[in-house]
């Protein structure tokens, strides 16, 4: 199986840029397993479509404001970081995904909206990938993400996040903060 097998044409105008005004009324497409028949539903109809013997596993992870923009101290250029997980027990070093990672060298410093400074640190295992570790002189907390971060909307959503997104891009059963990506349903 190849990655290209998963590409398909989806007209941009068919991609919702905002969730439905009423939770549960988002669109759900059913594809018949045997006949390939397509039927459209609302998400609230999902329980009626699932066989009683089906095992359902729910992701109760809450999405954090993990997309954080820092300003490179030497150039003043803004850089987007996606904070994925803490690396050390103290919570001062975080694994980040960063666009243009090859240009992010150890020692580069970034200032974040609250004035805090993070430094790219060496991790040989991440060289050549889109991941970099970022070190701070203090523990990064959920409060820091709330002050500095943005809800990481999916890449097909072509708009900035809003205050409403911090609730609407959570599963209804979200409890424990920890996800760096928005759920696509629930």
Residue of 39, 87, 68 that the Gaussian network model of the chain assigns the largest fluctuation, springs spanning Cα pairs under 10 Å: 39
Rounded, prolate or oblate (a/c below 1.5 giving rounded, otherwise prolate when a/b exceeds b/c) for the range 67-148 by Cα gyration tensor: oblate
In Å, descending, principal axis extents of the Cα set of the chain: 58, 36, 33
Computed lengthening from residue 77 to residue 33, 0.36 nm per intervening residue step minus Cα-Cα distance: 10.9 nm
The range 67-148, relative contact order [Cα under 8 Å, separation at least 6], %: 29
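All of the numbers you see were taken from the coordinates with simple rules; none came from a lab. Only a predicted model underlies this, so the values are computations on that prediction, with no experimental measurement involved.
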